[in-house]
Amino acid sequence: MSAPRRGDAAAALPAEPALPEPLALFPLRTVLFPEGRLDLQVFEARYLDLVGECLRSGAPFGVVCLRQGGETVGGGPPVQFEAVGVLAHIDEVDAEQAGILHLRCSGGSRFRLRGAAVQRGNGLWVGPAERMAPDPAHVPGVALMPTVKALAEAIRKLAQHNRVPFTPPYRLDDAGWVANRWCELLPVPLAAKQKLMELEDPVLRLSVVDGYLRDKKVVLG
């Protein structure tokens, strides 16, 4: 298996336009990973307006994981969300029902908020953000190959039932890609997924995943 060139991982991501200033934020009880898939049902006016603007400009919006509060406007505890998120690019829009949009999005670059986010009068959160560096390309080492092979087998079994949650190409020779796909599958708390997404060393991220899978006896040997 040959090592990918350093630029290959970045080239596989969707084209990244300049970040809007400020960046519109979509707090969700999920962690989006680069090159991950995200399906959304949008019906609130603030997010319908956001989708319309993104479609007109081609700009992404930022998905941030909620730590406290709800995804919809209303009562309850104050909204708190993580300072590191992932850009979401809108790939498909379906409007089968009036006032409801179904989106299919793909994850782009990670970003970090450079200051406090603010909530506009319509309820939309926005904040100053900067793009984080993409994962450098690294081929998984021999010790991590059982985890790589286990993901390949999971993809094969899911494909038999037309349930593969990943977008090709399947870059099993890239530690960051393999780690991110496992992170999407694993039934671990959101806080743990967030910490893994934030790790800037993709080999370390995959090593943490490998340790979890071995502890759970998903990977042996």
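Which chymotrypsin sites (Phe, Trp or Tyr not before Pro) in the range 23-112 sit in a loop by DSSP (not H, G, I, E or B) and have at most 16 other Cβ atoms within 10 Å of their own Cβ?
Values: sites: F43, Y47, F61, F81, F111; in loops: F43.
Qualifying residues, ordered by number: F43.
Convert each backbone phi in the range 159-173 into a coupling constant with the Karplus relation 6.51 cos²θ - 1.76 cosθ + 1.60 (shift: θ = phi - 60°), then list the ³J(HN,Hα) values in order as whole Hz, x for Gly and Pro.
5, 4, 10, 6, 10, 5, x, 10, 9, x, x, 8, 8, 6, 9
Filter the trypsin sites (Lys or Arg not before Pro) in the range 48-151 to those in DSSP coil with at most 16 other Cβ atoms within 10 Å of their Cβ, and list the result. Mind showing how you got there, number by number?
On the way: sites: R56, R67, R104, R110, R112, R114, R120, R131, K149; in loops: R114, R120.
Loop-located and lightly packed - R114, R120.
Give me, ordered by chain and number, the residues 5 or more places off L23 or on other chains with an amide H under 5 Å from its own placed amide H.
G127, A129
Taking Cα pairs under 8 Å and at least six residues apart, what relative contact order does the range 164-221 come out at, in percent?
32
Please order L220, L87, L101 by the number of other Cβ within 10 Å, starting at the fewest.
On the way: L220 8, L87 26, L101 19.
Lowest count first: L220, L101, L87.
Residue by residue, what Karplus-based ³J(HN,Hα) values in Hz, rounded to whole numbers, does the range 98-105 have, using 6.51, -1.76 and 1.60 with θ = phi - 60° and x for Gly and Pro?
4, x, 10, 10, 10, 10, 10, 10
Rounded if a/c is under 1.5, else prolate if a/b beats b/c, else oblate: with a ≥ b ≥ c from the C-alpha gyration tensor eigenvalues square-rooted, which is the range 18-115? Write down the numbers at each step before the final one.
On the way: a/c = 1.55, a/b = 1.10, b/c = 1.41.
The shape class here is oblate.
Short version: ³J(HN,Hα) in whole Hz for each residue of the range 58-64, in order, from phi by Karplus 6.51 cos²θ - 1.76 cosθ + 1.60 (θ = phi - 60°), x for Gly and Pro, what are they?
Karplus-based 3J(HN,Hα) across the range 58-64 equals x, 7, x, 10, x, 9, 10 Hz.
What's the exposure ranking of V148, V93, going from fewest to most Cβ atoms within 10 Å? List each step's numbers first, then the result.
Details: V148 23, V93 15.
In increasing order of surrounding Cβ atoms, one gets V93, V148.
Consider the candidate values (1) 23; (2) 31; (3) 28; state which one is percent of Cα pairs over 28 Å apart computed from the structure displayed.
(2)
Rounded to the nearest 500, what is the chain's calculated 222 nm mean residue ellipticity when only DSSP H runs of at least 4 contribute -39500 (n - 2.57) each, over all residues? Spell out each step's value before the answer.
On the way: 6 runs with 68 residues, N = 221.
Computed ellipticity for the chain at 222 nm equals -9500 deg cm²/dmol.
Taking amide hydrogens as modeled 1.01 Å from N in the peptide plane, which residues meet the under 5 Å criterion relative to D91, leaving out close sequence neighbours?
Under 5 Å from the amide H of D91: R104, C105, S106.
So for H102, H138, fewest C-beta neighbours within 10 Å to most, what's the order? Please list the in-between numbers first.
Numbers: H102 14, H138 19.
Ascending Cβ contact count within 10 Å gives the list H102, H138.
How many angstrom lie between the C-alpha centres of the range 85-126 and the range 184-221?
Result: 26 Å between the Cα centres.
Since every read-out is calculated from the coordinates, none of them should be taken as a lab result. Keep in mind that what you see is a predicted model, and the values were worked out from it rather than measured. Cβ sites come from the backbone with ideal geometry, for glycine too, and all protein chains shown count toward neighbours.
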